Amino acid sequence: AQVVQAEFIKSSVRTEDCPSDGLPEFALVGRSNVGKSSLLNSLVRRKKLALTSKKPGKTQCINHFKVNDSWYLVDLPGYGYASAPQELRTDWNKFTKDYFLNRSTLVSVFLLIDASIPAKKIDLEYASWLGQNQVPMTFIFTKCDKRKKKRNGGKRPEENVNEFQELIRGFFETAPPWIMTSGVTNQGRDEMLLHMAQLRNY
Ligand code: GDP
């Protein structure tokens, strides 16, 4: 499964404004700085696929990228910007929650988790919410190439991932699938593409 071509289609401010051609889609969401742009670019093998969701407060949009004319990768606003005012953060939550609950062509939410650091409370909260609402999802662990550092708690990515899995166990009836990735080494790229192909043909 190789991505041949990806093109930006549109930014939508509400779920109702999203493309209506019925093609299946996968939504990428995660904490700001989790490595979403790097991962997206590694997936489509582009140096820089313009990401409109990068700037806090400016573009709280649902951004659709069409891949091979047959499915969408959707870039959602990040969460956990330290600099965002409280009311904006709440807005992002409402915004993305409506999309998660009402977008009928959404196949799976890819929740990005930084594997180079210990679990963050806000990531656990998002995972818990998705689990409670039975939104189909996949955990995508990012930055799995990073070596352990004292200031990161001295843990290897594999250890952080294991600890995260333990912490989220109670949130789900069945544990969601998960993939370890790196936008630097392209680890997990083929696995993600295969995973998406399998989910689309389901
Ligand atoms: P975004 O804010 O989620 O879009 O994150 P970016 O893709 O812009 O990455 C945030 C920072 O993490 C940048 O400094 C990247 O160079 C770094 N980064 C992103 N992905 C990886 C990765 O897979 N491995 C490593 N070592 N660093 C990464």
Residue-count net charge about D123 - beta-carbon cut-off 14 Å; Lys, Arg +1, Asp, Glu -1: +1
Relative exposure of T181, T105, judged by other C-beta atoms within 10 Å (fewest first): T105, T181
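Rule-based calculations on the coordinates, nothing more; no lab input. Since we're looking at a predicted model, the values are computed, not measured. Cβ: placed from backbone, ideal geometry, glycine included. Neighbour counts: every protein chain shown.
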